[in-house]
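The structure appears below as structure tokens.
Quick note: the coordinates plus some simple rules give every number you see, no bench work behind them. Here the structure is a predicted model, which is why all the values come from computation and not from measurement. Cβ placement follows ideal geometry from the backbone for every residue including glycine, while neighbour counts extend to all protein chains displayed.
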Amino acid sequence: MSTLARFPAGRILLHLLAMLGNSEFRFHFAGILRELPSVDAATTLVIRAHTRFVAALVATAALI
């Protein structure tokens with residue numbers, strides 16, 4: 001197991017195996033995202049866009 005943890009693909013595999021053994025899906029899914037920088041960056045971009053969109057809606061509603 002410690003050999004697998006040395007490589008990103010091994011860490012992803014370990015997270016996938018751990019998801020089969022317990023119900024901590026969100027924890028292991030977050031671990032997989034940390035190993036995939038492009039997916040993590042896209043997720044961050046979507047979250048930022050959502051936050052700004054909601055802030056714009058709130059600001060517009062405050063003007064009405």
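So how much slack lies between Leu45 and Leu4, counting 0.36 nm per residue of separation and subtracting their Cα-Cα distance, in nm?
11.8 nm
Roughly what angle does helix 8-21 make with the longest principal axis of the chain, taking Cα atoms, 0 to 90 degrees, to the nearest 10?
Approximately 90 degrees, to the nearest ten.
Given the DSSP H assignment, sum -39500 (n - 2.57) over each helix run of at least 4 residues in the chain and divide by its residue total; what's the result at 222 nm in deg cm²/dmol, nearest 500?
So the calculated ellipticity at 222 nm is -27500 deg cm²/dmol.
What is the Rg over Rh value, at two decimals, for the range 4-63, using alpha-carbon atoms and the Kirkwood definition of Rh?
Answer for the range 4-63: 1.25.
Taking neighbour counts of Cβ atoms within 10 Å as a proxy for exposure, in what order, fewest first, do Val58, Val39 appear?
Neighbour counts put them in this order, fewest first: Val58, Val39.
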